[in-house]
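The values are calculated or read from the model by the stated rules, or taken from the named source; none is laboratory data. The structure displayed is predicted, hence computed values, not measured ones. SASA here: full protein model, heavy atoms, side chains in, ligands and nucleic acids out. Shrake-Rupley method; radii C 1.70, N 1.55, O 1.52, S 1.80 Å.
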Amino acid sequence: VMDVRDLKYENNTFDLIIDKSTIDALLCGSFAYFNVAVMLKECQRVLKTGGVYMAISYGHPVNREFHF
């Protein structure tokens with residue numbers, strides 16, 4: 001089992017990360033903003049320079065853009 005807030009990958013591993021509603025799920029739980037910040041920091045860490053983070057979310061953009 002892997003936790004998106006503690007990815008078991010080395011730095012600069014991926015060219016692309018696709019988030020299919022993970023941000024939505026985290027925003028429904030306790031400590032939502034903190035958990036999203038930790039998740040995005042981990043994603044940033046494992047993305048290669050120039051890599052792409054793609055978020056697919058059911059939330060309204062105005063409610064999600066703050067986190068990015």
Taking N as its residue count, the alpha carbon Rg of the range 1-50 over 2.2 N^0.38 Å: 1.13
Gaussian network model of the chain, springs between alpha carbon atoms under 10 Å - residue of 37, 55, 25 with greatest fluctuation: 25
0 to 90° range, to nearest 10: angle between helix 32-46 axis and the chain longest Cα axis: 20
Average accessible surface area per residue within the chain, 1.4 Å rolling probe, Å²: 74
Placed amide H near residue 17: partners under 5 Å, 5+ positions off or other chain: 52, 53, 54
Stretchable slack from residue 44 to residue 13, in nm (0.36 nm times residue separation minus alpha-carbon distance): 10.1 nm
Accessible surface of the range 25-68 [probe 1.4 Å, protein heavy atoms]: carbon and sulfur percent: 63
